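Trainee: Shown below is the structure under consideration.
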Amino acid sequence: MSKGLSMIVAAVLLIAVTMSVAGILIYWSTSFVQKKLSETGENSTYETLCLGAEFKLHSASFNNGTLFLRIDNRRAIDLTLENLYLFYPDNKMETVPLNALLKGNEIKQFTLSNITDGFTSGKIKTTCPTVFLDFTYSEGTIR
């Protein structure tokens with residue numbers, strides 16, 4: 001008679017270890033996939049709300065420290081305008097909070113006072129990361 005594990009006990013132990021490792025891998029992969037799906041779901045919902053959003057600068061002027069902007073929402077999607085960033089030649093930047101709702105297909109006038117003269121360009125950012133508006137300013141003309 002030989003000393004050691006019988007073939008049946010060895011097979012049962014091998015199956016038990018395999019099932020334990022499989023259980024651990026299933027638990028890890030399920031939680032990993034659920035986490036990634038929830039992250040993707042949040043981003044895709046946000047991006048879906050912004051899909052197709054577009055706005056443009058209908059008209060603009062600057063006079064004695066006051067900036068007049070007329071912004072045209074080109075789609076039926078409501079946009080929240082967060083900030084206006086003005087850029088100056090000496091690498092300075094001025095941030096002007098807008099915090100304004102621009103309803104779908106709406107043209108809205110903004111009058112911003114206490115703006116420092118000499119800016120060369122600007123950017124209007126919205127709550128949609130991919131929806132923004134860049135413009136330039138030179139010789140009294142905003143484009």
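The values are calculated or read from the model by the stated rules, or taken from the named source; none is laboratory data. What you see is a predicted model, and the numbers here were worked out from it, not measured in a lab. Every residue, glycine as well, gets a Cβ built from its backbone with ideal geometry; the counts of neighbours run over all protein chains shown.
Trainee: Being in a loop (DSSP other than H, G, I, E, B) and of a type outside the set (A, V, I, L, M, F, W, C) is the filter here, so list the residues in region 46-74 that pass it.
Mentor: Let us first name the residues in region 46-74 that are in a loop (DSSP other than H, G, I, E, B), namely 51-54, 64-65, 74.
G52, E54, N64, G65, R74, listed by residue number.
Trainee: Looking only at region 75-99, count how many residues are in a loop (DSSP other than H, G, I, E, B), exposed (fewer than 14 other Cβ atoms within 10 Å of the Cβ) and not polar (S, T, N, Q).
Mentor: Going residue by residue through region 75-99, those that are in a loop (DSSP other than H, G, I, E, B) are 75-78, 88-92.
Subsequent filtering for residues that are exposed (fewer than 14 other Cβ atoms within 10 Å of the Cβ) retains 76, 89-92.
Filter again for not polar (S, T, N, Q), leaving 76, 89-90, 92.
Residues meeting the conditions: 4.
Trainee: Right, next: Which residue pairs have Cβ atoms closer than 8 Å, lie 6 or more positions apart in sequence or on different chains, and pair a first residue in region 101-114 that is free of Cβ contacts under 8 Å to residues at least 40 places away in the same chain and over 16 Å from T127 (Cβ atoms) with a second residue that is part of a loop (DSSP other than H, G, I, E, B) and of a type in the set (K, R)?
Mentor: As it stands, the answer is N105/R74; N105/R75, since those pairs meet every condition given.
Trainee: Then there's this: Out of the residues in region 1-45 that are of a type outside the set (S, T, Y) and in a loop (DSSP other than H, G, I, E, B), state the one that is modelled with the lowest pLDDT.
Mentor: Looking at residues that are of a type outside the set (S, T, Y) and in a loop (DSSP other than H, G, I, E, B), I get M1.
Trainee: Then there's this: Does D72 satisfy the criteria of being of a type in the set (D, E, K, R) and over 20 Å from L51 (Cα atoms)?
Mentor: Numbers: of a type in the set (D, E, K, R): yes; over 20 Å from L51 (Cα atoms): no.
The answer is no for D72.
Trainee: Go through region 104-117 and report how many residues are surrounded by 12 or more Cβ atoms within 10 Å (Cβ to Cβ) and not aliphatic (A, V, I, L, M). Steps first, please.
Mentor: Of region 104-117, the ones surrounded by 12 or more Cβ atoms within 10 Å (Cβ to Cβ) are 104-108, 110, 112, 115.
Adding the requirement that they be not aliphatic (A, V, I, L, M) leaves 104-106, 108, 110.
Of the residues in that region, 5 qualify.
Trainee: Name, by its number, the condition in (1) surrounded by fewer than 12 Cβ atoms within 10 Å (Cβ to Cβ); (2) under 11 Å from F55 (Cα atoms) that does not hold for I124.
Mentor: Single failed check for I124: (1).
Trainee: Next up: Residues in region 100-120 that are of a type in the set (K, R) and assigned to a strand (DSSP E or B): how many?
Mentor: Narrowing region 100-120 to residues of a type in the set (K, R): 103, 108.
If we keep only those that are assigned to a strand (DSSP E or B) as well, we get 108.
The qualifying residues number 1.
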